[in-house]
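Heads up: the structure comes next, in structure tokens.
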Amino acid sequence: MSYMPSSLELVGWPAWSTLFWFSLASGVLILVKRSSGHQKGAFQESNVHAEPTAYPPVEPLPDFEWQTKEPLKLRPFKPKYNLTMAIEEATVSELIEMDKNYADRIALRKALMTDHPETVLGAEQCVAAAVNEFYSWMVETYLPTRFPRMFRLSPPFKPSILHNLVTNEKLPLRAVGHPIETLRVLGGLVDEDVLFLLPSDDGDGYTLKGFVTCFPNGFNTKEKLNVKLRDIHKPVPKYKEKLEKSMDRYFDKLKVGKFMKRANWTITTTPNLAFFQGTHLYEGDTVSQEEVNVENARFRCERQVVHRLPQSRAIILTIKTYLYTLSEIKGEGLGESLAQAIDGLREGNVPAFHFYKRAAIWGESAKAYLRN
């Protein structure tokens with residue numbers, strides 16, 4: 001049974017993009033030529049194929065100023081949408097992004113965890129080792145190394161806490177208690193939603209066992225807890241036919257030290273970050289076109305990065321959500337390109353995606369504005 005926090009406690013994917021190849025030199029081959037000549041090829045590589053047992057090093061950003069850093073501009077739309085595994089390379093240093101929205105986003109995340117804990121937080125006890133591993137690395141290594149002007153270990157020698165210089169919070173370096181409490185702290189520390197997948201009990205695929213998802217795009221993550229990855233994606237048109245086997249196979253083969261990222265997109269008719277339902281349509285739903293208020297509408301992108309933990313070997317999916325006004329897209333001269341991409345949702349290998357993304361409701365109105 002899942003842990004349910006008390007009221008006093010506070011604290012969508014088809015197409016991936018980038019693999020980080022992390023390799024370790026594991027030995028030196030010494031060729032010794034013997035006069036007898038009868039012991040050729042007596043030397044072998046040592047542990048060349050062994051997986052690393054720790055994360056690769058993180059690149060520091062010693063002069064990074066979050067207050068002036070603009071959010072990433074993601075523009076992943078194409079003239080024709082095809083449901084594929086579009087994978088790009090990523091590095092460990094790309095795992096967490098910071099920008100000038102950090103303080104406001106963290107405040108919103110904490111409010112959502114207070115108001116909707118049963119929806120945005122969930123964990124089974126079996127995921128504790130993975131959650132603790134990720135948390136400890138994040139607070140002890142990643143954040144203070146990558147963003148030293150935002151996070152500082154204290155005291156300098158034999159540190160025991162992470163000082164968040166933005167919020168003035170001080171966090172322990174070791175997680176304690178139920179994993180849901182650790183996820184609560186993570187949810188108020190980084191502007192990424194985090195999902196933990198463990199091998200399924202029957203050995204077939206991966207199952208969601210823990211999450212903090214403050215900004216879901218049209219679903220209640222709590223309903224996905226203890227559900228296999230393939231079953232989570234059942235509502236996605238043609239996922240079973242196009243991606244299920246390749247996704248399961250890829251997750252099985254994902255090596256420690258490799259990171260891959262992807263970005264998806266849609267248009268929402270409100271500027272909200274958190275949608276617990278209502279951003280997708282399914283077979284049998286009846287709809288009618290709506291006039292989109294372009295001041296409220298947003299081009300919404302999720303930047304997703306997946307990797308495997310070195311010790312517990314759990315798979316981690318991090319998701320950062322970006323919102324852009326349609327006027328911003330249009331101002332970049334990309335209005336026509338996005339309008340074509342809206343039509344392209346029904347011109348690729350899964351035409352049902354046009355309906356699934358609710359383009360049947362907002363599509364015509366959005367295109368008219370983008371092309372005007």
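If I go through the range 75-116 residue by residue, how many of them are farther than 25 Å from residue 248 by Cβ, assigned to a helix (DSSP H, G or I) and among the β-branched types (Val, Ile, Thr)?
Summing the residues that are farther than 25 Å from residue 248 by Cβ, assigned to a helix (DSSP H, G or I) and among the β-branched types (Val, Ile, Thr) in the range 75-116 gives 2.
Would you point out which residue out of 259, 275, 299, 215 is in contact with a strand residue (DSSP E or B) (Cβ under 7 Å, 6 or more places away or on another chain), surrounded by fewer than 19 Cβ atoms within 10 Å (Cβ to Cβ) and either of a type in the set (A, V, I, L, M, F, W, C) or modelled with pLDDT under 95 (or both)?
Details: 259 fails: surrounded by fewer than 19 Cβ atoms within 10 Å (Cβ to Cβ); 299 fails: surrounded by fewer than 19 Cβ atoms within 10 Å (Cβ to Cβ); 215 fails: surrounded by fewer than 19 Cβ atoms within 10 Å (Cβ to Cβ).
One residue alone meets the criteria, 275.
Wholly within the range 315-372, which helices (runs of 4 or more DSSP H) include no fewer than the required count, namely at least 3 residues that are modelled with pLDDT under 95?
Numbers: elements: 326-331, 335-344, 353-356, 359-371.
Here the list reads 353-356, 359-371.
Spot the failing condition for residue 226; the list is (1) at negative phi; (2) outside any helix (DSSP H, G or I); (3) surrounded by fewer than 18 Cβ atoms within 10 Å (Cβ to Cβ), and only one is missed.
(1)
Taking only pairs six or more apart or across chains, which ones have beta-carbon atoms under 8 Å, a first residue in the range 150-170 that is within 13 Å of residue 189 (Cβ to Cβ), and a second residue that is acidic (Asp, Glu)?
Taking only residues 6 or more apart or on different chains, the pairs are 162/140; 163/169.
Every residue in the range 37-69 that is at pLDDT 50 or above, in a loop (DSSP other than H, G, I, E, B) and loosely packed, with under 13 Cβ neighbours inside 10 Å, please. It would help to see each step written out before you state the result.
Of the range 37-69, the ones at pLDDT 50 or above are 49-69.
So of that shortlist, the ones also in a loop (DSSP other than H, G, I, E, B) come out as 49-65, 69.
Scanning the range 37-69 gives 49, 50, 53, 54, 57, 59, 62, 63, 65.
Within the range 79-109, restricting attention to residues that are buried (at least 16 other Cβ atoms within 10 Å of the Cβ) and of a type in the set (Lys, Arg), which residue is farthest from residue 337 (Cα to Cα)?
Checked the range 79-109; the qualifying residue farthest from residue 337 (Cα to Cα) is 109.
Is it true that residue 250 is surrounded by fewer than 18 Cβ atoms within 10 Å (Cβ to Cβ), within 25 Å of residue 80 (Cα to Cα) and hydroxyl-bearing (Ser, Thr, Tyr)?
Details: surrounded by fewer than 18 Cβ atoms within 10 Å (Cβ to Cβ): yes; within 25 Å of residue 80 (Cα to Cα): yes; hydroxyl-bearing (Ser, Thr, Tyr): yes.
Yes; evaluated as a whole, the condition is true for this residue.
Here are the criteria: (1) at pLDDT below 95; (2) closer than 30 Å to residue 178 by Cβ; (3) among the β-branched types (Val, Ile, Thr). Tell me which single one residue 87 does not satisfy.
(2)
Would you confirm whether or not the range 206-223 contains a residue that is outside any helix (DSSP H, G or I), more than 26 Å from residue 137 (Cα to Cα), of a type in the set (S, T, N, Q) and touching a helix residue (DSSP H, G or I) at 6+ places or on another chain (Cβ under 9 Å)?
If we filter the range 206-223 for residues that are outside any helix (DSSP H, G or I), which is where we start, we get 206-220.
Cutting the leftovers down to more than 26 Å from residue 137 (Cα to Cα) gives us 217-220.
Remaining after also requiring of a type in the set (S, T, N, Q): 217, 220.
When the remaining residues are screened for being touching a helix residue (DSSP H, G or I) at 6+ places or on another chain (Cβ under 9 Å), the result is 220.
Looking through the range 206-223, at least one residue is outside any helix (DSSP H, G or I), more than 26 Å from residue 137 (Cα to Cα), of a type in the set (S, T, N, Q) and touching a helix residue (DSSP H, G or I) at 6+ places or on another chain (Cβ under 9 Å).
Table: residues versus (1) buried (at least 18 other Cβ atoms within 10 Å of the Cβ); (2) outside any helix (DSSP H, G or I); (3) in contact with a Leu (Cβ under 7 Å, 6 or more places away or on another chain).
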site: 118; (1), (2), (3): no, no, no
site: 134; (1), (2), (3): yes, no, yes
site: 148; (1), (2), (3): no, yes, no
site: 157; (1), (2), (3): no, yes, no
site: 162; (1), (2), (3): yes, yes, yes
site: 177; (1), (2), (3): no, yes, no
site: 180; (1), (2), (3): yes, no, yes
site: 196; (1), (2), (3): yes, yes, no
site: 201; (1), (2), (3): no, yes, no
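Can you pull out the residues in the range 140-161 that are in contact with a helix residue (DSSP H, G or I) (Cβ under 9 Å, 6 or more places away or on another chain), of a type in the set (A, V, I, L, M, F, W, C) and within 21 Å of residue 100 (Cα to Cα)?
The answer is 147, 150, 151.
Can you tell me which residue within the range 229-260, out of those that are basic (Lys, Arg) and outside any helix (DSSP H, G or I), is farthest from residue 348 (Cα to Cα)? Walk me through it before giving the result.
From the range 229-260, those basic (Lys, Arg) are 230, 234, 238, 240, 242, 245, 249, 253, 255, 258; that's our starting set.
With outside any helix (DSSP H, G or I) added as a condition, the list becomes 234, 238, 255, 258.
Details: 234: 19, 238: 12, 255: 31, 258: 30 Å.
My answer is 255.
The values are calculated or read from the model by the stated rules, or taken from the named source; none is laboratory data. No experiment lies behind these values; they were computed from the predicted model shown. Methodologically, a virtual Cβ is constructed for each residue, glycine included, from the backbone with ideal geometry; neighbour enumeration extends over all protein chains shown.
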